[in-house]
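Visitor: To start, I am sharing the structure in question, which I have written as structure tokens.
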Amino acid sequence: MAVSILSVSIEYEHDVVAARQRSRHLTRLLGFDAQDQTRVATAVSEIARNAYRYAGGGRVEFFIEGAGAPQLLIVHVSDTGPGIPHLSTILEGRYVSETGMGLGIIGARRLMDQFDIQSRVGRGTDVWLKKVFPRTAPFIKPQDLGPLLDQLAAEAPSDAFSELQSQNRELVRALDELRRRQEELRRVNKELEDTNRGVVALYAELDEKADHLRRADQLKSKFLSNMSHEFRSPLNSILALTRLLMDGVDGPLNTEQLQQVGYVRKAAEDLFELVNDLLDLAKVEAGKVDVKPARFLASNLFGALRGMLRPLFLNQSVALIFEPTDHIPEIYSDEGKISQILRNFISNALKFTEKGEVRVSAQMDGDDRVCFAVADTGIGIAPGDQQRIFEEFAQVDNPIQRRVRGTGLGLPLSRKLAQLLRGELRLTSEVGCGSTFSLVIPLNVQTPEPNLEPPEDAEPDARIPLLVVENSPEQLLAYSKWLSSEFHLIPARTTWDAEQKIAASRPAAAILDMMLDGEDGWDLLASIKGNPETAGIPVIVVSTTDDAAKGFHLGADYYLVKPVSRETLLDRVRRVTSRPHRTRRVLIIDDEEKDRYFLRRALRDTGVEVGDAASGSEGIARAFADSPDVIILDLGMPEMDGFQVLRALRGDSRTSHVPVVINTSMALTQIQIDELASQAAAILSKEQFARGEGLEQLRRIVVENMAATS
């Protein structure tokens, strides 16, 4: 609830000066910078001057709202004058007055973060000026108010001449700052002009080079793909014919001929392996390889590998060992691609290991990743070559390497496949001591983070646009699953991004988290609701920060504290987007002026427009005309009591659905209580409020019933 700090009565002209002085002194003590002090003081003096000039006087009250930083300064300027007959025209900037009426209102609205005004012809005007505390300002606790007020009281108010001098000094400072910024702007513009010319030329050159690279990459992938397919047919023919010759189908070959045909067949097999690797590499680079995850066990994977690699056991001095994998949980990934990577590791290890062993194992890497490793006792790899072997066609110069040359594409292809699986390759090796190649992948391959933005060439989206200001990928994913069937989500991770998205897409509503990376959402909420062009966008705050009163003050339509359920969020979003947004209204029907005043004050933090009527007949007329969201009704009124009013409201289709909260000082019989319980949302006692009780209950009932009818 807002905490009252200070009150200034406006009875004489010099009281306007005093209100300005108090505003400036108070904002200085609260930690506002010089510019914000001047803004607040100027806005308060303009509205206070209007109250004195057009209403004969009024009152200026200062409040602090907020259970957490940044807090909110609220200035309430009220009067009981004739009201403003052309308020909507003034706020739209179309009203022309010889006295200058309206200029102060428009100016004050521009100076503050938020500006609310209510005026009833013949019944006075209420203006609320709101400014968010700067981030450097100290947090004001209730116990800090005493010393603050003492400092404020110690600053004796100066006369009008001194205040005029102070205003002149502020004006001189402002003009000097403006001149300095204009000079800085001219200098920056000159630098930008020079820079822009260079950037334009650079971009043109980069675009040209990028275009060349794209075309070269496309040609490379196309060439590799076409070449690979064209080579496969003749290679298959060579392999088939050499097999016929070696099997002696048309007669036996002599020893020399058999050796020659064997060389031809071995060359064809090497070339066939190269073609297969080139084709796989071209597919990966062209983005034509998809991950097809499925659930499998590491033991089954190792069993299949053992069977496939049995023909490679040509060297009896090398043992191929598969370690047990009972400790590895079920894996959700692409088993085929994992098998392809491990086959490459094992075949390389068998080629370059003359004696010893090749050991295949699997271990957990943390809680959510698994590491497959192939360790050998072979020739090892020098440190200078350990990065080069992952480059295409790279070969390491070694006597064994020259004897069993590979394609130079297996490891580059394996690395690209590992990246597709959201994993990585690792290598540890020492010359003469062997090597260990490892594949580390997630136990459960994750799909890419959902792209909530439609493609540029997509068909027009018929869903309702909904801005989501949230920096948590997990929360964004949840919102996408909950809301995307009905709403087109427009994600924004920062306040700057949100402002750009609002200007570009004009969302029907917004979901706003208050705790973003390095910034908070209070300024953004104030900006959205303080700008006439965006004030009509409903904002649902969903945050871990529990400060609903401040949120409602700044214009939030709903305030939800995390964690929030799908049903609750979907319900609130549907409510604010199902009909044109309008100001929520509460109507008080009570013949006692002091009770109406008390209720208006009690409900000002709920973010609603409060109207009142002094009699039952006037209340019925206003209820029919204004369509309030909630009615607070007194029972003990002359002319027409509350029971008659309630029956009239329930008997008309325009008001039969409106929740009515009974607020009375009458002692009710059980029969009356039973009659009211069937027609009213709640029954409250005025005596509770006189004892300082029931205020929070009233506010809660009003807010809940407004939400129920939204």
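The values are calculated or read from the model by the stated rules, or taken from the named source; none is laboratory data. This is a predicted model, so every value here is computed, not measured. Backbone-built Cβ (ideal geometry, glycine too); neighbour counts: all protein chains shown.
Visitor: Restricting the search to segment 345-387, which residues are of a type in the set (D, E) and under 15 Å from G432 (Cα atoms)?
Guide: Hits for segment 345-387 are E354, E357, D376, D385.
Visitor: Looking at L206, L164 in this structure, which one is in a helix (DSSP H, G or I), at pLDDT 75 or above and surrounded by 10 or more Cβ atoms within 10 Å (Cβ to Cβ)?
Guide: Selected residue: L206, the only one of L206, L164 that is in a helix (DSSP H, G or I), at pLDDT 75 or above and surrounded by 10 or more Cβ atoms within 10 Å (Cβ to Cβ).
Visitor: Based on what the data block shows, is S333 among the hydroxyl-bearing types (S, T, Y), modelled with pLDDT of 85 or more and over 25 Å from R415 (Cβ atoms)?
Guide: So S333 does not fit the description; no.
Visitor: Count, please, the residues in segment 508-530 that happen to be of a type in the set (G, A, S) and within 19 Å of R109 (Cβ to Cβ).
Guide: Result for segment 508-530: 3.
Visitor: Residue by residue through segment 358-393, note down the ones that are assigned to a strand (DSSP E or B) and either more than 23 Å from E335 (Cβ to Cβ) or outside the structural domain of Y332 (by TED's automatic domain parsing) (or both).
Guide: D376
Visitor: Determine whether segment 34-53 contains at least one residue that is surrounded by fewer than 18 Cβ atoms within 10 Å (Cβ to Cβ) and assigned to a loop (DSSP other than H, G, I, E, B).
Guide: Looking for residues that are surrounded by fewer than 18 Cβ atoms within 10 Å (Cβ to Cβ) and assigned to a loop (DSSP other than H, G, I, E, B), one finds none in segment 34-53, hence no.
Visitor: While we're on this one: Tell me whether segment 524-534 contains one or more residues that are assigned to a loop (DSSP other than H, G, I, E, B) and touching a Lys or Arg at 6+ places or on another chain (Cβ under 8 Å).
Guide: Within segment 524-534, none of the residues are assigned to a loop (DSSP other than H, G, I, E, B) and touching a Lys or Arg at 6+ places or on another chain (Cβ under 8 Å).
Visitor: Scan segment 601-642 residue by residue and report those that are more than 22 Å from G124 (Cβ to Cβ) and in contact (Cβ under 8 Å) with a residue 60 or more places away in the chain.
Guide: Those that are more than 22 Å from G124 (Cβ to Cβ) and in contact (Cβ under 8 Å) with a residue 60 or more places away in the chain: D629, V630.
Visitor: Let me ask something additional. Could you check A504 against (1) of a type in the set (A, V, I, L, M, F, W, C); (2) without any contact (Cβ under 8 Å) to a residue 12 or more places away in the chain; (3) in a strand (DSSP E or B) and say which number it fails?
Guide: Unmet condition: (3).
Visitor: Does any residue of segment 400-408 turn out to be among the small types (G, A, S), at pLDDT 85 or above and either assigned to a strand (DSSP E or B) or within 25 Å of L301 (Cβ to Cβ) (or both)?
Guide: no
Residue-by-condition table, conditions (1) surrounded by fewer than 17 Cβ atoms within 10 Å (Cβ to Cβ); (2) at pLDDT 85 or above:
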position: L411; (1), (2): no, no
position: A418; (1), (2): no, yes
position: G423; (1), (2): no, yes
position: L443; (1), (2): no, yes
position: P455; (1), (2): yes, no
position: A458; (1), (2): yes, no
position: R463; (1), (2): yes, no
position: L467; (1), (2): no, yes
position: A478; (1), (2): yes, no
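Visitor: Mind listing whichever residues of segment 467-496 are β-branched (V, I, T) and in contact with a Lys or Arg (Cβ under 6 Å, 6 or more places away or on another chain)?
Guide: I490
Visitor: While we're on this one: Taking I84 and the conditions (1) out of contact with any Gly (no Cβ under 6 Å at 6 or more places or on another chain); (2) at pLDDT 90 or above; (3) surrounded by 22 or more Cβ atoms within 10 Å (Cβ to Cβ), which numbered condition does it fall short on, given that it satisfies the others?
Guide: Answer for I84: the failing condition is (2).
Visitor: Hey, another quick one. Can you find, within segment 87-116, the residue that is modelled with the highest pLDDT among those that are among the small types (G, A, S) and under 27 Å from Q37 (Cβ atoms)?
Guide: A108
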